[in-house]
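> Structure in C-alpha cells, see below.
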Amino acid sequence: MRITEKHREVAKLLWDGELTIEKIAEQSKLAPSTIYEWKKKPEFQNILTEIDETYRLNARRKAIRLSDEAIKTLKELLAERGEKTVDTARKSAVNLLEAGGVKSTEASESGSGKNIIIIRNGNGNKA
C-alpha cells in the first residue's frame, strides 16, 4: 500500500473521532468500504499510530508549558493565605496533580477540620 495524502487526511479524521466512517467517506469522496479496508492494512494502522503519538506529544508539551504558569499562580495564591484563597489553591493543586496523571483524593484530618490531599501511586497505594 502506497501512502498518499488522502490516506493521511482520512486517518486524521478517524483519529479525531467526531465523524462516522460514512461521513468521512462522503467528505473524502470514497466508499465507506474503502476506509474499512484501509483500517485493516498495517501501513494505515501505522499512520494512525503516528498521528496518535504526535498529538499526545504535543498535548504533553502544552501541558508542561501550562503547568509552569499554573505552579506560579498556585504559589501566589498560597502566599496570600486567605481561607478562600487557600481552598482555591488546594483545588488547583489537586487539578494539577490529576492533569499530570497522579491520582489523588481529599480527606479530612481527624479533629483538625483541615482537608489533606492523599496522593496514590499507580497501584492505588498511598505515595
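> About its Cα centre, how strong a charge dipole does the stretch 1-65 have in debye, to the nearest 20, once Lys and Arg get +1 and Asp and Glu get -1 at the Cβ?
Details: 14 positive and 11 negative charges, 64 e Å.
Value, rounded to 20: 300 debye.
> Let me ask something else about it. Evaluate the distance, in nm, between pseudo-label points positioned 7 Å from the Cα of Gln45 and of Ala79 along their respective Cα→Cβ axes.
5.3
> Just from the alpha-carbon atoms, what are the Rg and Dmax of the stretch 1-65 in angstroms?
Expressed in Å, the Cα Rg and Dmax of the stretch 1-65 come to 12.9, 42.
> Here's another thing I want to ask about it. Give a residue-ordered list of calculated ³J(HN,Hα) values for the stretch 54-66 (Karplus: 6.51 cos²θ - 1.76 cosθ + 1.60, θ = phi - 60°; whole Hz; x for Gly, Pro).
My calculation for the stretch 54-66 gives 5, 5, 5, 5, 4, 5, 4, 4, 5, 4, 5, 4, 5 Hz in order.
> In the structure shown, do any of Lys12/Lys40; Lys12/Lys91; Lys12/Lys62 have a Cα-Cα gap over 27 Å, and if so which? Could the numbers behind the result be given before it?
Numbers: Lys12/Lys40 16 Å; Lys12/Lys91 35 Å; Lys12/Lys62 20 Å.
With Cα atoms farther than 27 Å apart: Lys12/Lys91.
FYI, it's all coordinate maths here, none of it is from the lab. Quantities reported herein were computed from a predicted structural model and do not represent experimental measurements. Cβ sites come from the backbone with ideal geometry, for glycine too, and all protein chains shown count toward neighbours.
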